[in-house]
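The structure appears below as structure tokens.
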Ligand code: MG
């Protein structure tokens, strides 16, 4: 497998504030534990993944989604003989920068910040959370995570060139992150594509036949299920097929990464960094299946009238609350009001709103919109 490409813990660039070693947990294990014990991690429970909670108790939220990503990523890292602890720490941290209301919230905060010539992006926000906002240690701000975990956070879904994001110049621009970090992005895709099918099925937005019409490999899976379980209920049939689909996608990720690694000629983790492309990849046929799945979900689920309506309502409310705080900064909590003496109000407001859960946002919005 890919043991030679595993990131060697001995080569870690370490923590910003040096700390004595722990007797039985290595630095990546400690990072994983710090993420789990952070407030930002617990808040994931009350943040929308795709489907707004309330309609059903069974939809994913950002916390259960994160656990599914960690499970998939750890399985892949284990089979490939990569560092499972680094992989797990990164999987658990990968969504902690998400604002309330998922991508609608992120897009609206970005729009608000663009009015001031700035922007909002959840991976950068996650970095700010682990470097500053989490206050759990007397000796330093943030969680003081290892360099590789911070780097993996900012390179979660994209690599960047030198000078492209000046605030990220310390994180090896122009180089690929370790293979462990590269796995997270694709494990994330496997997790959400399949989970969104499951949640949409539970919400009666689609049937197994709808998926089969759009995704040829799913049709194949469904035919096998029908041969194995003739007369199975639509629900059992759906779940049998879904499990097989997850398995195919994860297997495609493992096999595709081995193929890419062999083709790259990389013999150690330094070569992984220098390679012009990411080595973590699906096999070509699984990439194709994953793409058709995404197209199907966009059309049938993400842009469906049912979801579009609640998305635009959430975005409008974020914009409204942002504007209220700009006009009445005295309505911000005291700590944030003090912060406006050190940095521009729009940044303070953005960081306040971005940290909110959906439920807390709703409360603050109602208090403020009512008394405007
Ligand atoms: Mg995710």
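Filtering 196, 185, 210 for residues that are more than 15 Å from the chain's Cα centre (by Cα), assigned to a helix (DSSP H, G or I) and modelled with pLDDT of 95 or more leaves a single hit, 210. Taking the conditions exactly as written (surrounded by fewer than 22 Cβ atoms within 10 Å (Cβ to Cβ) and within 15 Å of the ligand (Cβ to nearest atom)), does residue 68 satisfy them or not? The answer is yes for residue 68.
Quick check, is residue 45 in contact with a strand residue (DSSP E or B) (Cβ under 9 Å, 6 or more places away or on another chain) and surrounded by fewer than 20 Cβ atoms within 10 Å (Cβ to Cβ)?
yes
Taking residue 123, is it surrounded by fewer than 24 Cβ atoms within 10 Å (Cβ to Cβ) and out of contact with any helix residue (DSSP H, G or I) (no Cβ under 9 Å at 6 or more places or on another chain)? No.
Checked against (1) assigned by TED's automatic domain parsing to the domain that holds residue 182; (2) away from the ligand (no atom under 16 Å from the Cβ); (3) surrounded by 13 or more Cβ atoms within 10 Å (Cβ to Cβ), residue 5 meets all criteria but (1).
What number of residues within segment 22-62 satisfy the criterion of being part of a helix (DSSP H, G or I) and either more than 11 Å from the ligand (Cβ to nearest atom) or not assigned by TED's automatic domain parsing to the domain that holds residue 198 (or both)?
17
Residue count for segment 278-323, restricted to those that are in a loop (DSSP other than H, G, I, E, B) and at pLDDT below 95: 2. Against the conditions (1) in contact (Cβ under 8 Å) with a residue 40 or more places away in the chain; (2) touching a helix residue (DSSP H, G or I) at 6+ places or on another chain (Cβ under 8 Å), residue 228 satisfies every one except (1). If I filter segment 23-39 for residues that are surrounded by fewer than 20 Cβ atoms within 10 Å (Cβ to Cβ) and modelled with pLDDT under 95, do I get at least one hit? No, segment 23-39 contains no residue that is surrounded by fewer than 20 Cβ atoms within 10 Å (Cβ to Cβ) and modelled with pLDDT under 95. Of note, residue 75 satisfies the criterion of being modelled with pLDDT of 95 or more, closer than 30 Å to residue 202 by Cα, away from the ligand (no atom under 16 Å from the Cβ) and in a helix (DSSP H, G or I). Within segment 79-90, the set of residues being assigned to a helix (DSSP H, G or I) and more than 18 Å from the chain's Cα centre (by Cα) comprises 79, 80. Scanning segment 215-225 for residues that are in contact (Cβ under 8 Å) with a residue 12 or more places away in the chain and surrounded by fewer than 17 Cβ atoms within 10 Å (Cβ to Cβ) gives 216, 224.
The values are calculated or read from the model by the stated rules, or taken from the named source; none is laboratory data. The model shown is predicted, which means the values in this text are computed figures rather than measured ones. Cβ sites come from the backbone with ideal geometry, for glycine too, and all protein chains shown count toward neighbours.
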